[in-house]
1. Considering the convex hull of the alpha carbon atoms of the stretch 160-310, report its projected area averaged over all viewing directions, in nm², one decimal.
2. Taking neighbour Cβ counts within 10 Å as the exposure measure, how do 176, 319 sort from fewest upward?
3. Could you derive backbone 3J(HN,Hα) for the stretch 12-29 from the dihedral phi with the Karplus parameters 6.51, -1.76 and 1.60 (θ = phi - 60°), listing whole Hz in sequence and x where the residue is Gly or Pro?
4. Along the charge dipole of the chain, pointing to its positive end and built from +1/-1 on Cβ of Lys, Arg, Asp and Glu, which listed residue (292, 137, 83) has its Cα farthest out?
5. Defining a contact as two alpha carbons under 8 Å apart and six or more residues distant in sequence, what relative contact order in percent does the stretch 160-310 show?
6. Treat every Asp and Glu Cβ in the chain as -1 and every Lys and Arg Cβ as +1, leave all other atoms uncharged, and give the resulting dipole magnitude about the Cα centre to the nearest 20 debye.
7. For the chain, what proportion of DSSP beta bridges, expressed in % and rounded to the nearest 5, is antiparallel?
8. Using alpha-carbon positions, what is the distance between the centroids of the stretch 175-209 and the stretch 51-115, in Å?
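Each value in this text was obtained by applying a stated rule to the coordinates, not by laboratory testing. Only a predicted model underlies this, so the values are computations on that prediction, with no experimental measurement involved. Here the Cβ positions follow ideal geometry from the backbone for every residue, glycine too, while neighbour counts run over all protein chains shown.
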Amino acid sequence: MSAVAQAAGRFTVRVDTDLRSTAFARGAWHAAAARGDTWSVFQEPHWLRCWWDVYGRGDLLIVSAWHEERLIAIAPLFVDGEMAFFVGSGGSDYLDFIGDATAPGVTEAILEVVLARVPGLLGFRFYHVPDASRTGQRLRGAAARLRLECVDEGELAAPVLDLGPHGEAGLAAAQKKSLMRHERGFSRLGTLAVRHLRRADEILPRLDAFFDQHQRRWQGTGHPSLFHDSVHQAFYRRLAAGADDEGWLRFTSVEFDGRPIACHFGFSHRGRYLWYKPSFEIALARQSPGEVLLRQLLLAAVEEQATLFDLGLGDEAFKRRFASRVPLVRTWGLYPRR
C-alpha cells in the first residue's frame with residue numbers, strides 16, 4: 001500500500017510500506033542508484049528485501065522522491081522503538097540514501113514526511129554512512145531547517161586496496177611472501193583446490209558446512225559465531241537463493257584433499273570485490289588456511305577486473321597489511337531539539 005505524501009517544489013514525496021512495490025522495478029531502482037553517492041550491494045533491492053524478511057521489526061517506511069514519473073531518491077527506512085533507521089541496520093557495511101538525495105530539498109522533504117507520519121518520533125539514527133557521501137553535509141543542513149539536532153555518533157574504518165588499472169596492486173598483494181608460503185605448504189602435503197561459486201544450486205548445499213566451520217572457528221573466543229542463531233543462517237540462505245538473478249554473490253571454498261579448509265561468503269558488485277564473511281578450519285590454524293583464502297580472493301578480484309578490494313568494516317591488523325587507504329563510515333543521529 002502506498003500514498004503520495006507531499007509535493008515539494010519540483011518533486012513529489014511518497015511513502016510505500018512494501019519493498020516489493022511495483023513502483024520500485026529494478027530498472028528504475030538502479031537508474032536512481034547510479035545517480036547517488038553510495039551504491040553498494042547493501043543498497044540492492046534483493047539485499048534489503050532479504051534483510052527485512054528476516055530481521056524486520058516495527059513499521060516499514062519506504063520514502064521516495066519523484067520528478068513526474070522518474071524516481072529520484074529512495075530512503076528505505078523502518079521505525080522501531082520510536083526511532084527511524086535505514087533498512088539493513090545490522091550486517092550492512094554501507095548504508096545511505098539511494099539516488100540523488102543531494103538534490104535541493106530532497107533530504108529535508110524525506111525527513112519531514114517521516115516526522116509528520118510518526119508523531120512523537122524520538123529521532124533518526126543513520127548507521128555506516130560513508131564519509132565520501134554528501135549525506136552528512138545534507139543531514140546537517142536539513143536538521144537546521146527542521147529544528148533538529150544533528151549529532152556525529154562515531155566512525156568506523158573501512159580499509160580498501162586499490163587494485164590498479166590492470167590489477168597490478170592486487171597481484172602484488174597476492175604475491176606477498178606470507179600468503180605464498182602458506183599456500184605452498186598445503187600444496188606440498190596434498191592436493192589444494194579452489195572453487196569460486198556463483199549459482200544457488202552450488203552454494204546452498206555448502207552452507208551448513210560453512211556455518212559449522214564458522215562456529216568452530218570462533219568457539220571459546222570472546223566473539224561467538226553469529227551462526228549459532230538460526231535466524232542468521234536463514235538470512236544467508238535467502239541471499240544465496242537469489243544468487244542466479246542477482247549475479248553479485250561469490251562463495252569461495254578452498255579445499256585440501258577434497259575437504260573445505262576455508263570458505264568465504266562475499267560479493268563482487270560494480271567493480272568492488274568485498275571481503276565479507278570468512279571462515280577457516282580451526283584445527284589447521286597453524287598452517288593459516290585463512291591466508292590461503294585471502295590470496296585466492298585477491299586473485300579472483302583481479303581476474304574479474306575489479307578496481308577495488310574492500311576489506312570490510314573494522315581495523316584489524318591484517319587489513320592494514322594490505323590496505324592502500326582507509327575510508328571511514330559514520331553514524332549520524334538527528335533528534336528534536338529540547
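1. On the way: hull surface 36.1 nm².
The Cα convex hull of the stretch 160-310, projected and averaged over all directions, gives 9.0 nm².
2. 176, 319
3. 10, 10, 10, 10, 10, 10, 8, 5, 9, 4, 5, 5, 9, 4, 4, x, 5, 4
4. Going by the Cα projections, it comes out as 292.
5. 35
6. 620
7. 90
8. 39
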